[in-house]
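What follows is a set of notes on a single structure, which appears directly below.
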Amino acid sequence: MEDGEIHEDASGATYSPALEWQGDAHTDDAAWALPAAGPSSAAYAPSGNTTGRPSLRLLRVLPAAPDALKAAHTILARARTLAIVDGYSQVQVGRDEAPPGTDVPRIRLKEMEVSKLHATVYYDEEKCQWAVVDMGSKHGTYIRGGGAAASTSGTPDARGQRLSGPRVSSMPRVLRHLDELSFGSTTFVAHIHEDSLPCEACASKGSDEIPLFNVPKAAKEQELTKKRKRDALEPLMPPSGNAKTSLNMLKKTMLSRHSALSTLGLDRQAYTDRSARRRAIHPSTPDVPGVPSKPTTSSLPSSRPASPAPEPVSAPPAPLSSTNIGHRLLMKQGWTPGTTLGQDSADAEGGSTALAEPIQVNARTARTGLGVPERASPQLQSQAAPSWKEEGKRRRWADVQPGS
């Protein structure tokens, strides 16, 4: 919260004369200041009575410089140039969004020179005039007279006269037709019309209105979708108050459009001859009129079974090279190539039991090794332990037998 900034209290009040700035206000300027007697505090409070109230519309002034125009687009969308205050007794200007649930409109300017709650433009029911109050902003609110009744000559700032000092609330200042209000780098021109009819400059175009209330993103998307549908159906729907007549006119319009598209051949997609494309890609396929082409034998899958993969064959035995690690270890242990391993011992018949060639491994696929439990054949297993389906059939058959 900024120093000197005024916020709404629990009762919803936004301004009180007790918070007015008592400094060097230009009270001698009759064009700006309210009468010395001043209205009571109830006169500053917003009122729901709109009878005889002049309309107020704030027209945004876009800068001419390209850099300033680009910066202004980040503060507020370039297309949003008109704030319509008709129907409200006051409107707030600030950087932050309005508190949820509040019914006071707010013009949100997302720039650092604008305070959270910068100023309030309200209608004085007793004096029947619009006025503006600075709510204690740091960078101030500036006003410059644009009509013949007000003048800001001699002010040092080009934006006009500052309402109050930094972080101090101001005195109420009367707002006249074509006065310029500056909040930070954003300037508005006040259009006040006694007959409540907008002029050509402040007439709304629909898409140029500044939102005065925070609208959720989902609601914005839904509103845009409805607007697109409405714009798409607007040229088709005739301006008639009778629903039945409008529906008949719409049917005639749609039927005439469909017939026009059918005449031009635009109501259906172009036909693609895939057979011609396939014959162009595969010219070997015979093209006989009236006879459907048959697929070639090359495109059909082969019915012959695939030949089994050959079994791997081991390489023939070969002596170890001298670079082999095992060969070198044996050489260090005193072994010489061509001799047997281990000690050579003679049996009773005088033969040698040492082997010079390694023992060949013969795999036994018909029999299992020692210690494997004996398993029954699949036929014996099916006979010994019937499945649960067979068991259920037998049980149901036994239940239906006579005498069971």
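Laid out as a table, the results:
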{"item": "Filter pass, residue 306 being under 30 Å from residue 355 (Cβ atoms), at pLDDT below 80 and either under 58 Å from the mean Cα position of the chain (by Cα) or part of a loop (DSSP other than H, G, I, E, B) (or both)", "result": "no"}
{"item": "Single residue of region 152-198 satisfying the filter (modelled with pLDDT under 90 and either of a type in the set (A, V, I, L, M, F, W, C) or in contact with a helix residue (DSSP H, G or I) (Cβ under 6 Å, 6 or more places away or on another chain) (or both)) that is nearest to residue 63 (Cα to Cα)", "result": "158"}
{"item": "Residue in region 50-59 that is modelled with pLDDT under 85 and in contact with a helix residue (DSSP H, G or I) (Cβ under 6 Å, 6 or more places away or on another chain) present", "result": "no"}
{"item": "Boolean, residue 107 is under 19 Å from residue 191 (Cβ atoms), within 34 Å of the chain's Cα centre (by Cα) and surrounded by 14 or more Cβ atoms within 10 Å (Cβ to Cβ)", "result": "yes"}
{"item": "Meets criteria (out of contact with any strand residue (DSSP E or B) (no Cβ under 7 Å at 6 or more places or on another chain), among the hydrophobic types (A, V, I, L, M, F, W, C) and not in a strand (DSSP E or B)) for residue 112", "result": "yes"}
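The values are calculated or read from the model by the stated rules, or taken from the named source; none is laboratory data. A quick note: this is a predicted structure, and the numbers were derived from the prediction, not measured. Glycine gets a Cβ as well: all are built from the backbone with ideal geometry, and neighbour counts include every protein chain shown.
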